[in-house]
Amino acid sequence: MRAIFVILLVAFSISAVNVILDPGHGGTDPGATGPSYTEKQAVLDVAFFAKSYLESAGVTVGMTRSTDITLSLADRTTIANSGGWDRFMSIHENAFNTAVQGTETFCHPSGSSNSFDLRNKVQPELIWAHGYNDRGTKTADFYVLRNTTMPAILGEGTFIDYTAEWDESWRYLTNWNDHSGRQGFAYAKGFCIHAGITPPTYGEPPPVSDSIIVDDADPEFTIGGAWSIGSYAGGWEGGYHWCSPTGEKWARWTPNLPEAGEYSVYMWWLAGANRCDSVFIRIFGVNNDSMFVSQKGTGSEWHYLGNYDFHAGTSGYVSLGDRTAVNGTAVIADAVLWIHNGPLDVAENAPRPQAFNISAYPNPFNGNCRLQIDDLGLGIEAIEIYDVSARRVACLGSSTGSGHRSAQQPDGTVGEGPRAFPLDGISENGSAQGRSPTTCEFLWTPNDDLPSGVYLVRATAGGNKGLQPLVQTKRVVYLK
Ligand SMILES: [Zn+2]
């Protein structure tokens, strides 16, 4: 009898659990900073998304701060401990040396088993949110973990100072609805799994009308590597592509969008027990983002990937790679759906990065020079090359926006220059950890009469989006 009573009590207390969210920093303390956004801003965005997803699942939610105010660590634990909260989730973004990216979640080393369980449930969801490197579940003697009286965790979703290949803070600024939204959802889902509550769903099922669908039977669908065509019931309009992953295959859906704007993006796949649970997805629109999706659970329905801005036409796309898939599991590439929501969500007046990166790799053996430019999603307008007397010796044309672009090569042919992937044109798996989705590659092949020497590369970006153009120059040594 006593045992039964205890079990009932535990079951009741778990289902009645509520949570206080602690967006880190605030006020005079910005936390970690990137060129475009600060940690105190990002974690507040994330917390609001988490709150709304948690409340939609019936959870009562508090916040240590809901505005940009200064709070000491003691203020935070006092608010939490005096409020009768069952769980404490402190939300942070990381920073190190601008070159490290990944996700980690902490609890206190002497925390309760519920602390460890909550931590272990939240971390995989945070990994899902962005597809970044799994830095692991960890313990640390952080003040807010040590001094809270309830099970507590602290999440470090991403490194907001990361700029080595893309500006992570720019993603928080311009993709806040999805970049912060997916992270907020991750906290909510992890918490619900921990608490035994049915988690909310990410996004809503789409209406069928007013949508643009690219199916794997359409010419707008392209693949790399060896795929098979499947015919089990449940594919979108019949068949679907599937592969056993090797880390080299990719699939791409490139819609011809009638107008620029914000679109809700959904993907359809056929579920099954042998499906890959970490399929790497990238969205190439006005800005870019990446994520993992699991194809294991429910299938044969539209799965929401988020709201993203796209240019009109065919400059944007959704791609899927099998980079992280485990051999022996199946990856499905079937259909992607775009629903137009309204005008571009990009804040035209938003502060932008002050600089983008140009790397040059002269290749004397091939008589060319490879230029790698991370335009941070702004869109390269032109790349001009000048000699030391300021004479323009080459112009490498323009591109229309971020994502998949083609470059006008000096000889007039359109090349596959600006891509986020290796130049082999095969791999779609330039990873979230690897090359940035906003990195473009251009090949400069100087005319034969140009001598070896110092040249100036001048790249212009952003003007073709109606923004004040950003110009960057870099010195290059060209060796014949
Ligand atoms: Zn922090």
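For every residue, the table says whether it meets (1) assigned by TED's automatic domain parsing to the domain that holds residue 172; (2) buried (at least 19 other Cβ atoms within 10 Å of the Cβ); (3) away from the ligand (no atom under 13 Å from the Cβ).
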| site | (1), (2), (3) |
| --- | --- |
| 29 | yes, no, no |
| 40 | yes, yes, no |
| 63 | yes, no, yes |
| 72 | yes, no, yes |
| 81 | yes, no, yes |
| 87 | yes, yes, yes |
| 90 | yes, yes, no |
Considering residues that are assigned to a loop (DSSP other than H, G, I, E, B), farther than 18 Å from residue 21 by Cβ and within 16 Å of the ligand (Cβ to nearest atom), the number found within the range 102-149 is 3
Listed by first then second residue, the pairs whose first member lies in the range 39-58 and is over 14 Å from residue 177 (Cβ atoms) and part of a helix (DSSP H, G or I), whose partner is within 12 Å of the ligand (Cβ to nearest atom) and of a type in the set (A, V, I, L, M), with beta carbons under 7 Å and at least 6 positions apart or on separate chains, are 39/32; 39/160; 43/91; 47/91
Counting only strands (runs of 3 or more DSSP E) entirely within the range 267-341, those with at least 3 residues that are among the β-branched types (Val, Ile, Thr) are 279-284
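The values are calculated or read from the model by the stated rules, or taken from the named source; none is laboratory data. This structure is a prediction, so every number in the text was calculated from the model and none was measured. Neighbour counts are summed over all protein chains in view; Cβ atoms, including those assigned to glycine, are modelled from backbone coordinates with ideal geometry.
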